[in-house]
Amino acid sequence: MSSNSRVQILLPVAVDQAFDYRPPVGVVAAKGMLVKVPFRGKSTVGVVWCESGAADVPDSKVKNIEEVFGLPPMPEKLMQFIEWTANYNMAHNGAVLGMAVSGIGDQGSGIREKKNNKTDPRSLTPDHWQLTAAQNTALDKLLPHIRADNFNVTLLDGVTGSGKTEVYFSAIRKSLEEHPDNQILIMLPEIALTQSLIERVKSRLGITPTVWHSNLTPKKRRENWLAIATGDAKLIIGARSSLFLPYLKLSLIVVDEEHDASYKQEEGVVYNARDMAVVRASIEKIPIILVSATPSLETVVNVKAKKYDEINLPARFGDAKMPEIELVDLRKEKREKNCWVSEKLRRELAENLARGEQSLLYLNRRGYAPLTLCRACGHHLKCPYCSAYLVQHGKNLQLLCHHCGHSSRMPEKCPECQEKDTLIPLGPGIERLEEEIKDFLPQARILTLSSDTVESAKAMKKAFADIEDHNVDIIIGTQMVAKGHHFPQLTLVGIIDADSGLAGGDFRAAERTFQVLHQVSGRAGREKLPGKVIIQTFQPESRVIQTILANDRHAFMVMEMRVREDNNLPPFGRLAALIISGKKEAMVRNYCNMLAKSAPMLNGVKILGPAPAPLTLLRGKFRYRFLVKANKSIHIQKIIRDWLNASPVPSSLKVKVDIDPYSFV
Ligand SMILES: [Zn+2]
Ligand SMILES: [Zn+2]
C-alpha cells in the first residue's frame with residue numbers, strides 16, 4: 001500500500017459532505033480509519049470516507065490530519081448503513097456518523113489505551129434452565145433462522161408472561177456457544193428497562209453484558225465503545241443509539257418490545273430505531289428478531305405479506321392464566337370530589353391488601369396535578385415558553401413544564417387576576433393518586449414509579465428489589481410500568497383512566513391504547529396466583545376497550561388494519577411531517593405560505609397544511625406543520641427534497657423533516 005496524498009474525511013457535524021485532508025507523510029489513511037483533524041479551530045474525530053480527495057479543492061486549502069488512530073477501521077457495512085439512514089430520514093451523513101463515533105469523545109483522548117472489557121463466551125454458565133414444551137417448540141423454530149447465514153426477520157410473538165425472553169436467551173446462548181466470536185445486540189426502547197435485563201442475563205447466562213445508552217459516564221462510554229469496536233464485547237444491551245456502533249462481527253439483533261413508540265428518536269437525527277435495525281440487519285446480512293406481546297401493526301402487516309416469519313408463544317408460563325378483566329363505567333359511577341378510584345376498585349384493593357397480595361395502579365400522568373386553576377378568574381397556569389400547562393409536582397408545590405423542563409414555584413397570587421389563595425390543583429397525577437390511596441388504606445405500603453421517582457439505575461434497582469421482596473403492597477406507576485417488567489407477586493391491576501390516550505389527532509392512538517392496556521393488564525397474575533384487572537373508562541363501547549375485554553388482539557388488529565388501509569395511512573401509505581419553527585411567528589408563517597405556494601402537485605401525493613402545531617409554542621419557538629401523505633409507491637423523500645431546495649430556509653428558521661412520524665404535536 002502506498003500512502004495517499006489526500007483523503008476525504010467525514011466529520012460528526014451536521015453536513016453531508018466529507019472534507020479533504022492530507023495524511024501524515026508515509027502513513028496510509030485507508031477507508032474507514034478513525035483520525036483526528038483540525039476543524040473550525042479545534043481537533044475533531046472523523047472517519048476516512050474516501051481514499052482520494054475531491055478534485056475541486058486546491059492543495060493550499062487542504063489541512064493535515066493530526067493523528068491516525070490505531071483502532072479497527074469502521075466496517076464498510078456500517079458506512080453504508082450511515083449513508084442509508086441519513087438518506088432515508090433526510091438527515092446529514094455527519095449527524096448520523098456522530099452516533100457511531102460518540103464513544104470516542106470530541107478529541108479522541110485516551111482512545112489508544114485498550115481496556116480489558118471482555119465477555120468471554122467460554123464463561124457461559126451451564127444451562128440449568130428448563131424451558132416449557134411451548135418454549136422449546138418456539139426455540140426449535142427460531143434456531144434455524146439464527147443459524148442461517150443471511151438476512152431474515154422473525155417476529156417472536158407471545159402473550160405477556162409467556163417467557164419470550166427465556167426463548168431468545170436460549171437462542172443467544174446457542175449462538176455464542178457455536179460461534180464465540182459473534183456479537184449480539186439486544187435493543188430496548190428505554191434505558192429504564194436495561195437494568196432488569198442485565199440482571200436476568202447475568203443470572204441466566206453467567207456473563208456480564210456490555211451496556212450502551214446516553215446515561216453512561218464518558219469513561220464508561222469510551223470503554224464500552226472500544227470493547228464493541230475491537231470485538232471484545234459479545235453481548236450488548238443498548239438503547240436506540242447502540243444500533244450505530246462499529247461492531248466488529250455483529251451476527252444477530254434482537255429488538256425487544258418492538259411495538260414501543262420510544263424506538264422513535266425525536267431529537268437530533270429523527271429516526272425509528274426498530275425500522276433502522278431491520279435495515280442494518282439487511283445490510284449486514286444477518287438475522288433479526290422482533291419481540292413483542294403486542295406487535296405493531298406495521299410488523300403484523302409484514303408478517304401477513306410473508307416478509308417476516310412469525311413464531312407464536314400462545315400460553316402463559318407454567319400454571320399462570322390470563323387475568324380476568326372487568327370494566328367500571330365512569331359515566332355511571334359516582335365518585336367523591338377529588339377522588340379517582342371507583343368504589344369497585346377500592347373494594348378490590350382493600351381485599352387484595354387483606355390477602356397480602358400486590359396491586360398496581362396505572363395512570364400515565366407524572367406529578368401531583370396536570371393543571372392548576374384560579375378559582376376566581378378561571379386562569380390556568382401555563383409555561384411561559386410553550387403552549388402547555390404547568391404540571392404541579394410534589395408537596396413543595398413546584399411547577400414543571402413537561403415539554404421544556406421550565407420549573408418555578410407555585411405563585412402566591414394568581415398571575416392573571418392577582419387574587420391570593422385562589423389557585424387549586426385540577427385532575428390527578430400519580431402523586432395525588434398516592435394521597436387518595438393513603439387516605440383510605442393508610443396501612444398499605446405504596447411505591448410510586450415514574451421517571452421522577454426512579455431517576456438513576458440504582459434507584460430503579462432498589463425499587464424493583466422492593467417489589468420483588470414484597471416490601472410494597474401497592475405500586476402506582478406511569479407508562480414505565482407497562483413495559484416488560486416482571487412483577488411475580490402482582491395479582492390486581494387497576495387502570496385509572498383507560499381513555500386518556502385516545503384524545504388528539506394521532507392515527508396510532510387506538511393502537512397505542514390497546515397496546516398499553518394489554519401490556520399493563522398483562523402484569524397481573526404472572527405466576528401461580530390468578531390475576532384480575534379493573535379498567536375504569538368513559539368509553540366502554542369503544543373497540544379498543546371491547547377487544548381488550550374479550551382479550552381479542554386479532555379482532556382489534558383486523559379492524560385497525562381496515563381503518564388504516566381505507567385512509568391510506570401507514571403501513572399502507574407513506575407519511576412525512578415538516579415542522580417549521582422560529583422565534584418570530586410572522587417569519588414562520590411567511591415562510592410556510594411560501595412553501596405552500598410551491599407545494600408539489602403530483603398524483604398520489606397530498607399535502608396538508610400549513611397549520612399551527614398543537615404545541616404551537618415550544619421552548620420559546622413558534623411551530624407550524626405540514627403533513628405529506630403519499631401512496632406507498634412514491635419516493636416521498638425525493639419530493640420533499642426538491643420542494644425544500646426550491647425554497648431555501650432562512651437562517652433564523654429551522655425545518656425538521658420527520659419521515660414516518662409518530663408524534664403529531
Ligand atoms: Zn385568577
Ligand atoms: Zn415549557
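The values are calculated or read from the model by the stated rules, or taken from the named source; none is laboratory data. Being a predicted model, the structure only gives us computed values, none of them experimental. With ideal geometry, Cβ positions are generated from the backbone for all residues, glycine too; neighbour counts draw on all protein chains shown.
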Legend entry - Residue among 444, 350 that alone is part of a loop (DSSP other than H, G, I, E, B) and among the hydrophobic types (A, V, I, L, M, F, W, C): 444
Inset, instruction - Please go through segment 646-659 and pick out each residue that is at pLDDT below 95 and not in a loop (DSSP other than H, G, I, E, B). - result: 646
Inset, instruction - Would you mention how many residues in segment 375-385 are within 16 Å of ligand 1 (Cβ to nearest atom), loosely packed, with under 15 Cβ neighbours inside 10 Å and outside any strand (DSSP E or B)? - result: 3
Inset, instruction - Could you list, in sequence order, all residues of segment 399-449 that are away from ligand 1 (no atom under 16 Å from the Cβ), farther than 22 Å from residue 346 by Cβ and in contact (Cβ under 8 Å) with a residue 24 or more places away in the chain? - result: 400, 402, 403, 404
Inset, instruction - Scan (1) buried (at least 20 other Cβ atoms within 10 Å of the Cβ); (2) within 10 Å of ligand 2 (Cβ to nearest atom); (3) of a type in the set (Gly, Ala, Ser) for the single condition residue 369 breaks and write down its number. - result: (2)
Inset, instruction - Go through the residues of segment 470-486 one by one and say whether even a single one is over 18 Å from residue 362 (Cβ atoms) and at pLDDT 90 or above. - result: yes
Legend entry - residue 388 under 29 Å from the mean Cα position of the chain (by Cα), away from ligand 1 (no atom under 16 Å from the Cβ) and in contact (Cβ under 8 Å) with a residue 24 or more places away in the chain: yes
Inset, instruction - Answer with yes or no whether residue 282 is of a type in the set (S, T, N, Q), in the same structural domain as residue 160 (by TED's automatic domain parsing) and either under 19 Å from residue 570 (Cβ atoms) or surrounded by fewer than 23 Cβ atoms within 10 Å (Cβ to Cβ) (or both). - result: yes
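Condition check ((1) of a type outside the set (D, E, K, R); (2) over 23 Å from residue 460 (Cβ atoms); (3) assigned to a loop (DSSP other than H, G, I, E, B)) across all residues:
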| residue | (1), (2), (3) |
| --- | --- |
| 156 | yes, yes, no |
| 166 | no, no, no |
| 173 | no, yes, no |
| 180 | yes, yes, yes |
| 203 | yes, no, no |
| 211 | yes, no, no |
| 216 | yes, no, yes |
| 221 | no, no, no |
| 228 | yes, yes, no |
Inset, instruction - Taking the options 399, 345, 361, name whichever one is within 16 Å of ligand 2 (Cβ to nearest atom) and aliphatic (A, V, I, L, M). - result: 399
Inset, instruction - Could you check, for segment 349-357, whether at least one of its residues is surrounded by 20 or more Cβ atoms within 10 Å (Cβ to Cβ), under 29 Å from residue 483 (Cα atoms) and within 16 Å of ligand 2 (Cβ to nearest atom)? - result: no
Inset, instruction - May I ask you to verify whether residue 115 is at pLDDT below 80, more than 30 Å from residue 514 (Cα to Cα) and touching a helix residue (DSSP H, G or I) at 6+ places or on another chain (Cβ under 9 Å)? - result: yes
Inset, instruction - Scan segment 187-224 for residues that are closer than 13 Å to residue 245 by Cβ and touching a Leu at 6+ places or on another chain (Cβ under 8 Å) and report the count. - result: 4
Inset, instruction - Name every residue in segment 457-501 that is closer than 29 Å to residue 537 by Cα, in contact with a helix residue (DSSP H, G or I) (Cβ under 8 Å, 6 or more places away or on another chain), among the small types (Gly, Ala, Ser) and part of a helix (DSSP H, G or I), in order of residue number. - result: 482, 501
Inset, instruction - Would you point out which residue out of 289, 311, 283 is in a helix (DSSP H, G or I) and either in contact with a Leu (Cβ under 7 Å, 6 or more places away or on another chain) or at pLDDT 95 or above (or both)? - result: 283
Inset, instruction - Out of 558, 544, 628, report the one residue that is within 26 Å of the chain's Cα centre (by Cα), within 28 Å of residue 302 (Cβ to Cβ) and exposed (fewer than 15 other Cβ atoms within 10 Å of the Cβ). - result: 558
Legend entry - Candidate set from segment 372-383 (those that are farther than 11 Å from residue 410 by Cα and more than 28 Å from the chain's Cα centre (by Cα)); member that is nearest to ligand 2 (Cβ to nearest atom): 380
Legend entry - Index of the failed condition, residue 367 passing every other in (1) within 16 Å of ligand 1 (Cβ to nearest atom); (2) among the small types (Gly, Ala, Ser); (3) in contact with a helix residue (DSSP H, G or I) (Cβ under 9 Å, 6 or more places away or on another chain): (1)
Inset, instruction - Could you please find all residues in segment 483-511 being of a type in the set (Asp, Glu) and under 18 Å from the mean Cα position of the chain (by Cα)? - result: 506, 511
Inset, instruction - Check segment 70-78 and report whether any residue there is modelled with pLDDT of 95 or more, part of a loop (DSSP other than H, G, I, E, B), in contact with a Ser or Thr (Cβ under 7 Å, 6 or more places away or on another chain) and buried (at least 21 other Cβ atoms within 10 Å of the Cβ). - result: no
